[in-house]
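Single-structure report; data block below.
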């Protein structure tokens, strides 16, 4: 499973495809201030990224993959400085 949901935390695993966006949106709507753990993420589809950017989330752990971590940190930094 590309995203494992446990109470108020979502754990991203390996490849997270566009098909995961709807379930993620539903989880975010039910889980206020959800936390995201990107530790094992290697690829995140832009549809999933759009859901994350629209949601009220906190990143608890960034990805181990350096290029993905840098990209996501840059995007979320811009979101919080607007």
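The values are calculated or read from the model by the stated rules, or taken from the named source; none is laboratory data. Bear in mind the structure is a predicted one, so any value in this text is a computation, not a measurement. Every residue, glycine as well, gets a Cβ built from its backbone with ideal geometry; the counts of neighbours run over all protein chains shown.
Points worth noting:
- Number of positions in the stretch 41-58 that are assigned to a strand (DSSP E or B), modelled with pLDDT of 95 or more and surrounded by 15 or more Cβ atoms within 10 Å (Cβ to Cβ): 3
- Every residue from the stretch 59-77 that is within 22 Å of residue 25 (Cβ to Cβ) and in a helix (DSSP H, G or I): 68, 71, 72, 75, 76
- Contacts under 6 angstrom Cβ, first residue in the stretch 62-75 being surrounded by 13 or more Cβ atoms within 10 Å (Cβ to Cβ), partner at pLDDT 95 or above and part of a helix (DSSP H, G or I), 6 or more apart: 62/69; 63/69
- Filtering the stretch 4-24 to residues that are touching a helix residue (DSSP H, G or I) at 6+ places or on another chain (Cβ under 6 Å), surrounded by fewer than 17 Cβ atoms within 10 Å (Cβ to Cβ) and either within 15 Å of residue 44 (Cβ to Cβ) or in contact (Cβ under 8 Å) with a residue 60 or more places away in the chain (or both) leaves only 18.
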